[in-house]
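Asks: This is the structure, below, for whatever I ask next.
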Amino acid sequence: MLELSNLTKRFGDFVAVREISFAVPDGAFLVLVGPSGCGKTTLLRMLAGLDLPTSGQISFGGKVVSDGDRQWAADPIGRNSGLVFQSYALWPHMSVRGNIEWPLKVAGWNATERHARADEVLQLLGISELSERYPNEISGGQQQRVAIARTIAPKPSVLLFDEPLSNLDAKLRVEMRTELMRLHRATGATTVYVTHDQIEAMTMASHVAVMRDGEVEQFGTPNELLRAPQTAFVSTFIGTPANNLLEVKPENGHGSVAGQRVSLSPPDPRQRCRAMIRPEAIALSNDSVPDSLSLEIVEVSAIAGQVMVTGVEGPMRVTCVVGTDPGLVIGDRAFFRLPPRPDCWFGEDGRRIA
């Protein structure tokens with residue numbers, strides 16, 4: 001349904017998006033996730049037809065809608081897509097119903113059709129009782145529902161969301177995530193969702209594109225990203241709590257982490273490698289044992305019935321997850337015992353080593 005081919009966007013000498021290529025099937029829920037400034041919103045704006053690519057192509061359903069090489073793009077109205085802005089962008093002088101019916105009026109729907117469709121989406125979003133109110137008379141969460149209702153009213157085949165939940169409080173964000181997934185199932189529209197929150201990405205997506213510095217570091221399903229991260233960045237950006245990434249220096253047939261000898265042995269003895277170790281693979285000890293690192297405790301917190309403990313030594317930060325409260329407080333020192341083998345290795349270039 002959605003295909004990108006060598007898509008690039010430049011602003012002068014700055015490359016905001018660089019040669020991105022991937023495809024998702026009809027009905028997919030694609031999440032673009034990454035830190036601020038990585039190119040997510042620029043990519044979304046090109047999908048919406050608000051920005052023209054510098055080079056590369058975008059296709060919806062096998063039909064090219066943007067061609068940067070020819071400097072051509074289909075009109076946004078003709079793409080059969082809808083965009084939900086981060087700021088909601090509701091018309092303040094129109095009622096909730098008026099906001100929803102406006103794009104239908106622009107599209108040429110008659111009054112009877114507009115009214116019937118507005119009733120349908122008002123009921124779908126659970127806001128029928130708000131139909132005659134104005135945006136300044138409803139809450140932020142309700143405004144977000146109105147913005148979504150307005151977007152889906154014309155029955156677009158592609159839905160685009162630009163960090164739509166960032167203005168909501170934590171509890172409402174969780175509730176709206178559930179509503180958006182329910183809405184996705186109800187409409188069947190192919191959805192592209194931009195966020196910097198990897199929890200949103202992993203709970204909502206059928207496909208995820210992890211972006212960094214204008215490029216896609218890895219594209220795949222949430223499970224693929226968790227099980228087999230292909231770069232050091234993905235390994236620490238995806239997952240809660242984050243995976244540990246330790247630099248291991250080869251020394252006389254064994255490894256060394258922050259000057260302490262460990263059993264971890266880099267696959268390439270000619271270079272420093274980084275070992276990815278999942279938090280649940282690290283144990284805590286009160287005494288020095290082989291393969292343990294003495295660290296200062298900086299965080300102890302409960303998470304999903306377990307306890308997450310983080311220790312530091314200089315720039316090195318290590319997190320483990322244990323089943324019972326270890327009785328540690330901030331400022332204590334404890335020994336973090338590493339497993340004999342990591343979950344995977346990354347080279348100095350940040351790429352996974354087979």
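The values are calculated or read from the model by the stated rules, or taken from the named source; none is laboratory data. Just so you know, these numbers come straight off a predicted model, no measurement behind them. Using ideal geometry, Cβ is built from the backbone for each residue, glycine included, and neighbour counts are taken over all protein chains shown.
Asks: Among the residues of region 160-171, is any in a helix (DSSP H, G or I), in contact with a strand residue (DSSP E or B) (Cβ under 7 Å, 6 or more places away or on another chain) and aliphatic (A, V, I, L, M)?
Replies: no
Asks: Are there any pairs, at least 6 apart or on different chains, whose C-beta atoms fall under 9 Å, with the first in region 168-194 and of a type in the set (Asp, Glu) and the second part of a helix (DSSP H, G or I), and if so, which?
Replies: Asp169/Gly140; Asp169/Gly141; Glu175/Gly141; Glu179/Arg145; Glu179/Ile148
Asks: Same structure, new question: With the structure loaded, tell me whether Asp213 is of a type in the set (Asp, Glu), more than 30 Å from Arg150 (Cα to Cα) and either out of contact with any strand residue (DSSP E or B) (no Cβ under 6 Å at 6 or more places or on another chain) or surrounded by fewer than 19 Cβ atoms within 10 Å (Cβ to Cβ) (or both) or whether it fails that test.
Replies: Yes, satisfied.
Asks: Okay, next question. Mind checking which strands (runs of 3 or more DSSP E) fall wholly inside region 281-350 and carry at least 3 residues that are more than 31 Å from the chain's Cα centre (by Cα)?
Replies: Counting at least 3 such residues, we get 292-303, 333-337.
Asks: Using beta carbons and a limit of 8 Å, which pairs, at least six apart or on different chains, have the first residue in region 230-244 and closer than 18 Å to Glu299 by Cα and the second one surrounded by fewer than 23 Cβ atoms within 10 Å (Cβ to Cβ) and among the acidic types (Asp, Glu)?
Replies: Asn243/Asp343
Asks: Return only the number of the condition from (1) at negative phi; (2) at pLDDT 85 or above; (3) of a type in the set (Asp, Glu) that Asp291 does not satisfy.
Replies: (1)
Asks: What about Leu32, is it of a type outside the set (Lys, Arg), closer than 18 Å to Val158 by Cβ and modelled with pLDDT of 95 or more?
Replies: Against the criterion (of a type outside the set (Lys, Arg), closer than 18 Å to Val158 by Cβ and modelled with pLDDT of 95 or more), Leu32 qualifies.
Asks: So how many residues does region 59-83 have that are under 20 Å from Leu104 (Cα atoms) and under 24 Å from the mean Cα position of the chain (by Cα)?
Replies: The qualifying residues number 3.
Asks: Moving on to the next point. Quick one: in region 84-118, which of the residues that are of a type in the set (Phe, Trp, Tyr) and closer than 18 Å to Ile148 by Cα is farthest from the chain's Cα centre (by Cα)?
Replies: The extreme case among them is Trp102.
Asks: Return the residues of region 237-263 that are farther than 28 Å from Thr195 by Cβ and hydroxyl-bearing (Ser, Thr, Tyr); say none if nothing qualifies.
Replies: Matches in region 237-263: Ser256, Ser263.
Asks: Among the residues of region 132-190, which ones are in contact with a Ser or Thr (Cβ under 7 Å, 6 or more places away or on another chain) and of a type in the set (Gly, Ala, Ser)?
Replies: Within region 132-190, Ser157, Ala189 qualify.
Asks: Moving on to the next point. With respect to Met202, determine if the residue is in the same structural domain as Pro53 (by TED's automatic domain parsing), part of a helix (DSSP H, G or I) and more than 23 Å from Ser36 (Cα to Cα).
Replies: It is false that Met202 is in the same structural domain as Pro53 (by TED's automatic domain parsing), part of a helix (DSSP H, G or I) and more than 23 Å from Ser36 (Cα to Cα).
Asks: Right, another one. List the strands (runs of 3 or more DSSP E) inside region 1-79, counting only whole elements, that have at least 3 residues being among the charged types (D, E, K, R) and more than 26 Å from Ile199 (Cβ to Cβ).
Replies: The qualifying strands (runs of 3 or more DSSP E) are 2-11.
Asks: While we're looking at this one, here's another question. Just to be sure before I move on: is Glu280 surrounded by fewer than 17 Cβ atoms within 10 Å (Cβ to Cβ), closer than 19 Å to Gly314 by Cα and charged (D, E, K, R) in the structure I sent?
Replies: no
Asks: Which condition number does Ala242 fail, the rest of (1) surrounded by 17 or more Cβ atoms within 10 Å (Cβ to Cβ); (2) in a loop (DSSP other than H, G, I, E, B) being met?
Replies: Evaluating Ala242 over (1) surrounded by 17 or more Cβ atoms within 10 Å (Cβ to Cβ); (2) in a loop (DSSP other than H, G, I, E, B) leaves (1) as the failure.
Asks: Taking the criterion of being touching a residue at least 60 places away in the same chain (Cβ under 8 Å), basic (Lys, Arg) and closer than 27 Å to Pro229 by Cα, would at least one residue in region 262-275 satisfy it?
Replies: Checked against the condition, which is being touching a residue at least 60 places away in the same chain (Cβ under 8 Å), basic (Lys, Arg) and closer than 27 Å to Pro229 by Cα, region 262-275 yields at least one hit.
Asks: Of the numbered conditions (1) part of a loop (DSSP other than H, G, I, E, B); (2) surrounded by 19 or more Cβ atoms within 10 Å (Cβ to Cβ); (3) of a type outside the set (A, V, I, L, M), Gly255 satisfies every one except a single condition; which is it?
Replies: Single failed check for Gly255: (1).
Asks: Only one of Leu52, Leu44 is touching an Asp or Glu at 6+ places or on another chain (Cβ under 6 Å), among the hydrophobic types (A, V, I, L, M, F, W, C), surrounded by 14 or more Cβ atoms within 10 Å (Cβ to Cβ) and assigned by TED's automatic domain parsing to the domain that holds Asn223; which?
Replies: From the options Leu52, Leu44, the qualifying one is Leu44.
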